[in-house]
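Written below as structure tokens is the structure these notes are about.
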Amino acid sequence: MNTIPLDLQIVNALAALLLLLSFSMLSQRRIVSLVNLLAMQGLLLTVATLMVAWRTGETHLYLSGLLTFALKVLFLPWLLHRLIRRLEVYWDTEPLLNIPGTMLVGVLIVVFAFGLAQPIAELASETTRNSIGIAVAVILLSFLMMITRSKAMSQVVGFLSMENGLFFGAMSTTRGMPMVVELGIALDILVAMLVLGVFFFQIREQFDSLDLHHLESLKEGD
Amino acid sequence: MEFLLLLGTPLAGAIWLGFFGAKRRAPDVNVGLSLITFIAACALTARVIEHGDVLVGREQFFIDPFNVFLVTLTAFVGLTTSLFSRPYMRIERDHGKLSSRQLKLYHSMYQLFMATMLIALTTNNLGLMWVAMEAATLSTVLLVTLYRTPAALEAGWKYFILCGVGIAQALFGTILLYFAAEKVLGNSGVDALLWTHLNQVKAQLEPSVLSLAFVFLLVGYGTKVGLAPLHNWLPDAHAEGPTPISAVLSGLLLNVAIYAVVRCKILVEGSLGSTLPSNMLMGFGLLSVVLASLFLWRQRDIKRLFAYSSIEHMGIVTFAFGMGGPVANFAALLHMTVHSLTKSAIFFTVGHAVQKSGSQQMDDIRGLVTTNPTIGWGLMLGSLAILGMPPFGVFASEFLILTTAMQQQPWATPILLLSLAVAFAAIFGRVQPMVFGETQGKRLPHPPALLPVFAHLALVLMLGLYIPPYLAEWYRAAARLIGGE
């Protein structure tokens, strides 16, 4: 039996942890903890990027890792925590589907994701196969979270977690996108979060709450 | 040089207006910047007519027959919209709807939005295209919520989240494309996402990965096109934002998004050699046409009415690209052009009509022809043009699409015809009393700028009767390109 090099074993372990974190996000209703989980996801992503960078020796991956660390581990969680304090949103309401139900759907989604990733995984090098399936699973699980949550803040965490899944997918399939593109994406995420901060204050000013049930008056045909 | 001016002017303008956008002269500066951008686009066009395709900036940017007319169109509508927004935004400020801070934001974001669209159109790098598309969303989110009403906030939130999630799917599609390209072009860094390089090796790209990539890309960029069932954000964003933004969203952004879809389709079809991408485009297109024409009946808000009409027309264009072949592609490109011109002209008249009556409800807007004949006739002619009446250009493109459909996809023709008829009845029945009914409207404090409306309609009329030879040549060349030759 072939032994897998240590660094790849680590990347695979990180992938598994990433999936685990996605599930804990699904079950977490405390928004502060959600943001902490998101920061941990960012940290895993950073370590995975640096591992791949070390293995391939590509300098732009080191930069990308540092960028991920600065943006996803330090800046965004800080921004979100600040928003939570200023807006005083600590708990999400009961999700549309109760938590055990969501977890069951999540398991089905993981199975589906591995099926979906099959054609890509077959082309990828043997060792990163599992990571691709996991990346797709993380994307879809974040999607599920966005659908089932009603607080704007949890939806945003879901959105960022989806972005993390995408980055992990890019890392495990192609060893990262070209530098120009990665910089652009990072810039977009940063601006998106700033826009969002402004936006939250506008919503609260108007409705006195960040519950998205207030945002349901525009219906088809009105 | 022209390139630098084309992309640099709106970018620099966005920064400048970010600081000084509340000055009394800011609307004029906005017009001036758009004019420079338009002149740069014209110079670039002249260069393309003379020397053919252009590839600059280490191959990161390019102009070919498929994007040259879209660049000019974007710069042109950007210019006319800035002309329209000059009196429009002044009236809004006089009505007390906007503060000077909001005006600053508006002017700055307007230029940024133009810049991102021009980058998305001219970039050769599919990754950069994604970045520019996302930036286009972000620059308009705060414009949709400019009025801070509950409805505007809801529309902005929907726009942000739906387009954000959609565009994330497109990023995954781009990653998959890169993955397939890397196998062929090698991990040479930037080159593997350059469209011109990919187009050369498209036959060698791994089909199974590309078909999966296309699904994600179509869903992602399709959300921005407003294809049903991903269209939910579109009517809200169009209805709640300021009218100049509705005009550029509908007239330009949708075009840019469909441009992105078609660029990807060329690659995927070349790799697959099957009809999967075409069938998907036809399916989504037809569904959008049918759903939009049904929803048109239920609208009471004038801007929502024309937003649904945009979904319908994007459906027609998507369907035509799905059918493929030189004639259908030609017609789709023509339809993109005339729809963009007509729809923005309609939004210009709608904007002033709404300001006169103080309401977007169609029941409150009456008798435009008696109080302000130019607005009334502008709206009437615009509606007739968008509904496909001859001799306007929309008639020519829809006629070509329908005749091609009869030959290639006979089953779809009755569905298309029926939807067009339903849309005609819905829109015409609504517009007629607004233009000719009884009224006690008041005059506007600033004279409206209606030159853009009639300039657009004149162009659409001209395209219905006569297409300039070089434009026709670009359409044909682009149609061949899209056909994969």
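The values are calculated or read from the model by the stated rules, or taken from the named source; none is laboratory data. For clarity, every value in this text was computed on a predicted model and none was experimentally measured. Note that each Cβ is placed from the backbone with ideal geometry, even for glycine, and that neighbours are counted across all protein chains shown. Each accessible area value is taken on the protein alone, full model and side chains, heavy atoms only, with ligands, DNA and RNA left out. Shrake-Rupley method; radii C 1.70, N 1.55, O 1.52, S 1.80 Å.
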- Task: Consider B:ALA426 carefully, then state whether it is in contact with a Pro (Cβ under 7 Å, 6 or more places away or on another chain) and at pLDDT 85 or above.
- Result: no
- So B:THR45 clears everything in (1) out of contact with any Phe, Trp or Tyr (no Cβ under 7 Å at 6 or more places or on another chain); (2) in a loop (DSSP other than H, G, I, E, B) except one condition, right? Which one? (2)
- Message: Given (1) hydrophobic (A, V, I, L, M, F, W, C); (2) within 14 Å of chain A (Cβ to nearest Cβ); (3) more than 23 Å from the chain's Cα centre (by Cα), identify the lone condition not met by B:ILE365.
- Response: (2)
- Query: Just checking, how many residues over region B:432-454 are closer than 12 Å to B:LEU368 by Cβ, open to solvent by 30 Å² or more (accessible area, probe 1.4 Å) and at pLDDT 75 or above?
  - Reply: 5
- Residues located in region B:139-175, provided they are facing another protein chain (nearest Cβ under 9 Å), closer than 30 Å to B:VAL54 by Cβ and either free of Cβ contacts under 8 Å to residues at least 12 places away in the same chain or more than 18 Å from the chain's Cα centre (by Cα) (or both): B:LEU171, B:THR174, B:ILE175
- Conditions (1) within 14 Å of chain A (Cβ to nearest Cβ); (2) over 22 Å from B:LEU218 (Cβ atoms); number of the one not met by B:PHE306: (1)
- Task: Among residues belonging to region B:65-87 that are of a type outside the set (Gly, Ala, Ser) and closer than 14 Å to B:ARG25 by Cα, point out the one that is least open to solvent (accessible area, probe 1.4 Å).
- Result: B:PRO87
- Taking region B:89-114 and keeping only residues that are open to solvent by 10 Å² or more (accessible area, probe 1.4 Å) and among the hydroxyl-bearing types (Ser, Thr, Tyr), one is left with B:SER99, B:SER100, B:SER108
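So which of B:VAL144, B:VAL184, B:VAL190, B:VAL165 ends up being modelled with pLDDT of 85 or more and open to solvent by 10 Å² or more (accessible area, probe 1.4 Å)? First the steps, then the outcome.
Working: B:VAL144 fails: open to solvent by 10 Å² or more (accessible area, probe 1.4 Å); B:VAL184 fails: modelled with pLDDT of 85 or more; B:VAL190 fails: modelled with pLDDT of 85 or more.
Among B:VAL144, B:VAL184, B:VAL190, B:VAL165, only B:VAL165 is modelled with pLDDT of 85 or more and open to solvent by 10 Å² or more (accessible area, probe 1.4 Å).
Filter region A:134-146 down to the residues that are closer than 12 Å to A:LEU26 by Cα, free of Cβ contacts under 8 Å to residues at least 60 places away in the same chain and at the interface with chain B (Cβ under 10 Å from one of its Cβ atoms) and list them by number. Write out each step before concluding.
Of the residues in region A:134-146, the ones closer than 12 Å to A:LEU26 by Cα are A:138, A:140-146.
Subsequent filtering for residues that are free of Cβ contacts under 8 Å to residues at least 60 places away in the same chain retains A:140, A:143, A:146.
Within region A:134-146, A:PHE143, A:MET146 qualify.
Can you confirm whether region A:59-72 contains a residue that is out of contact with any Gly (no Cβ under 6 Å at 6 or more places or on another chain), of a type outside the set (A, V, I, L, M, F, W, C) and open to solvent by 50 Å² or more (accessible area, probe 1.4 Å)?
Kept after step one, since they are out of contact with any Gly (no Cβ under 6 Å at 6 or more places or on another chain), are these residues of region A:59-72: A:59-60, A:62-63, A:65-71.
Then drop every residue that is not of a type outside the set (A, V, I, L, M, F, W, C), which leaves A:59-60, A:62, A:65, A:68.
So of that shortlist, the ones also open to solvent by 50 Å² or more (accessible area, probe 1.4 Å) come out as A:59, A:62.
Yes, region A:59-72 contains a residue that is out of contact with any Gly (no Cβ under 6 Å at 6 or more places or on another chain), of a type outside the set (A, V, I, L, M, F, W, C) and open to solvent by 50 Å² or more (accessible area, probe 1.4 Å).
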- Hey, among the residues in region B:193-215 that are within 8 Å of another protein chain (Cβ to nearest Cβ) and open to solvent by 20 Å² or more (accessible area, probe 1.4 Å), which one's farthest from A:LEU116 (Cα to Cα)? B:GLU206
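For region B:40-47, check the following and say yes or no: at least one residue is touching a strand residue (DSSP E or B) at 6+ places or on another chain (Cβ under 9 Å) and open to solvent by less than 10 Å² (accessible area, probe 1.4 Å). So that I can check it myself, show each step before the final result.
First, the residues of region B:40-47 that are touching a strand residue (DSSP E or B) at 6+ places or on another chain (Cβ under 9 Å): B:44-45, B:47.
Now restrict to residues that are open to solvent by less than 10 Å² (accessible area, probe 1.4 Å): B:44.
Yes, the conditions are met somewhere in region B:40-47.
Looking at region B:1-31 only, could you name the residues that are among the acidic types (Asp, Glu) and either surrounded by fewer than 16 Cβ atoms within 10 Å (Cβ to Cβ) or modelled with pLDDT of 90 or more (or both)?
Residues of region B:1-31 among the acidic types (Asp, Glu): B:2, B:28.
Matches in region B:1-31: B:ASP28 only.
Can you list the helices (runs of 4 or more DSSP H) found entirely within region A:99-201 that contain at least 1 residues being within 24 Å of B:LEU142 (Cα to Cα) and open to solvent by 10 Å² or more (accessible area, probe 1.4 Å)?
Working: elements: A:99-123, A:129-148, A:152-174.
Hits in region A:99-201: A:129-148, A:152-174.
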- Message: Looking at the structure I just gave you, is B:ILE467 at pLDDT below 90, crowded, with 19+ Cβ neighbours inside 10 Å and β-branched (Val, Ile, Thr)?
- Response: no
- Message: Can you name every one of the helices (runs of 4 or more DSSP H) wholly within region B:267-384 that holds 3 or more residues which are surrounded by fewer than 24 Cβ atoms within 10 Å (Cβ to Cβ) and modelled with pLDDT under 90?
- Response: B:325-357, B:368-371
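Can you go through B:PHE436, B:PHE428, B:PHE454 and tell me which one is aromatic (Phe, Trp, Tyr) and under 21 Å from the mean Cα position of the chain (by Cα)?
Details: B:PHE436 fails: under 21 Å from the mean Cα position of the chain (by Cα); B:PHE428 fails: under 21 Å from the mean Cα position of the chain (by Cα).
So the residue among B:PHE436, B:PHE428, B:PHE454 that is aromatic (Phe, Trp, Tyr) and under 21 Å from the mean Cα position of the chain (by Cα) is B:PHE454.
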